[in-house]
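Engineer: Below is the structure I would like to discuss, written out as structure tokens.
The values are calculated or read from the model by the stated rules, or taken from the named source; none is laboratory data. Just so you know, these numbers come straight off a predicted model, no measurement behind them. Using ideal geometry, Cβ is built from the backbone for each residue, glycine included, and neighbour counts are taken over all protein chains shown. Only protein heavy atoms, including side chains, enter the accessible area calculation; ligands, DNA and RNA are left aside. Shrake-Rupley method; radii C 1.70, N 1.55, O 1.52, S 1.80 Å.
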Amino acid sequence: MKLFKYFNIILFTIGFVLAQNNNAKVGEEASPVILFKLEHNKYFKSKEFLGDKNLVFSFFATWCKPCAQEIPKLHELEKKLGDEYKFILIDVNEKRDKVAKYVQDKGYTIQVILDRYGKIFEAFGGTAMPLTVVVNKKGIITYHHTGYETGDELKLEKHLKTL
């Protein structure tokens, strides 16, 4: 019985350490993002933007109220900052039809891609939404922020202007 208890403790510890290593951190190379685009069955591939654009990923869900507050601010930033940046909304764990209706109803124009099983969200250390991650032109994570409060978009803008 004691052996079983120690074995479980060891397995739990190994699992915890491995889970910690999967969380993306500022300064680390970003995991590649290859997901279906919402509007048609074509892939979005983050590697196509390396060397050309800084990527701003915002992980969201249709039920997430803070996400609904943040996304209009991201639209404003996208228009304000111009071509050096590519803003991408990544829906987590929802079906295409539900997301398509939501995006249409809200009038979102930022590229939407689908993380149907939440694997990319996990790879970027996601624990809650919205999760905003900036990946610079070299593929390095430079910004990682969970949640949204009024004024967070100003911090993001300030950061983006340093890239």
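Engineer: Return a whole-number percent for the relative contact order of the chain, with Cα pairs under 8 Å and 6 or more residues apart as the contact set.
Structural biologist: Relative contact order, the chain: 31 percent.
Engineer: Rounded to the nearest 5, what % of DSSP beta bridges with both residues in the chain are antiparallel?
Structural biologist: Beta bridges within the chain, antiparallel portion: roughly 55 percent.
Engineer: How long is the gain from residue 26 to residue 109 if the chain were fully straight, where each residue apart is worth 0.36 nm and the alpha carbon distance is subtracted?
Structural biologist: Numbers: separation 83, 0.36 × 83 = 29.88 nm, distance 2.76 nm.
Once the chain is fully extended between residue 26 and residue 109, it gains 27.1 nm.
Engineer: Can I ask one more? With the chain treated as a Gaussian network of Cα nodes joined by springs under 10 Å, which of 99, 56, 135 yields the largest mean-square fluctuation?
Structural biologist: Among 99, 56, 135, the largest mean-square fluctuation in the Gaussian network model of the chain belongs to 99.
Engineer: Another one. Per DSSP helix of 4 or more residues, -39500 (n - 2.57); summed, then divided by the residues of the chain. What does that give at 222 nm, rounded to the nearest 500?
Structural biologist: One gets -12000 deg cm²/dmol as the mean residue ellipticity at 222 nm.
Engineer: Follow-up question, since we're still on this one. Test of the criteria: in region 134-163, which GluC sites (Glu not before Pro) are in a DSSP loop and have at most 11 other Cβ atoms within 10 angstrom of their Cβ?
Structural biologist: Qualifying residues, ordered by number: 149.
Engineer: May I ask you to give the solvent-accessible area per residue for the chain, in square angstrom, as obtained with a 1.4 angstrom probe?
Structural biologist: 60
Engineer: Of all trypsin sites (Lys or Arg not before Pro) in region 77-163, which ones are in loop regions per DSSP and have a Cβ with at most 12 other Cβ atoms within 10 Å?
Structural biologist: Loop-located and lightly packed - 95, 138, 161.
Engineer: Another question about this same structure. For residue 63 and residue 40, FRET efficiency with R0 = 30 Å and r from the beta-carbon atoms, rounded to 0.05?
Structural biologist: With a Förster radius of 30 Å, E is 0.75.
Engineer: List every residue whose amide H lies under 5 Å from the amide H of residue 116, counting only residues 5 or more places away in sequence or on a different chain, with H placed 1.01 Å from N in the peptide plane.
Structural biologist: Distant-sequence amide H within range of residue 116: 93.
Engineer: Need the full-extension length gain, residue 47 to residue 117, defined as separation in residues times 0.36 nm minus the C-alpha distance. One decimal, nm.
Structural biologist: Details: separation 70, 0.36 × 70 = 25.20 nm, distance 2.07 nm.
Taking 0.36 nm per residue and subtracting the Cα distance, the gain is 23.1 nm.
Engineer: Students often check this: by mean Cβ neighbours within 10 Å, which of 57-70, 26-39 ranks highest, and how do the rest follow?
Structural biologist: Listed from highest to lowest mean packing, they are 57-70, 26-39.
Engineer: Got a sec to turn the phi values of region 59-75 into Karplus ³J(HN,Hα) couplings, 6.51 cos²θ - 1.76 cosθ + 1.60 with θ = phi - 60°, whole Hz, x for Gly and Pro?
Structural biologist: 7, 8, 9, 5, 8, 7, 5, x, 4, 5, 7, 6, 4, x, 5, 5, 4
Engineer: Size of the dipole of region 15-149 about the Cα centre, Lys and Arg at +1 and Asp and Glu at -1 on the beta carbon, nothing else charged, in debye to 20? Walk me through the intermediate numbers first.
Structural biologist: Numbers: 20 positive and 17 negative charges, 52 e Å.
Charge dipole of region 15-149: 240 debye, to the nearest 20.
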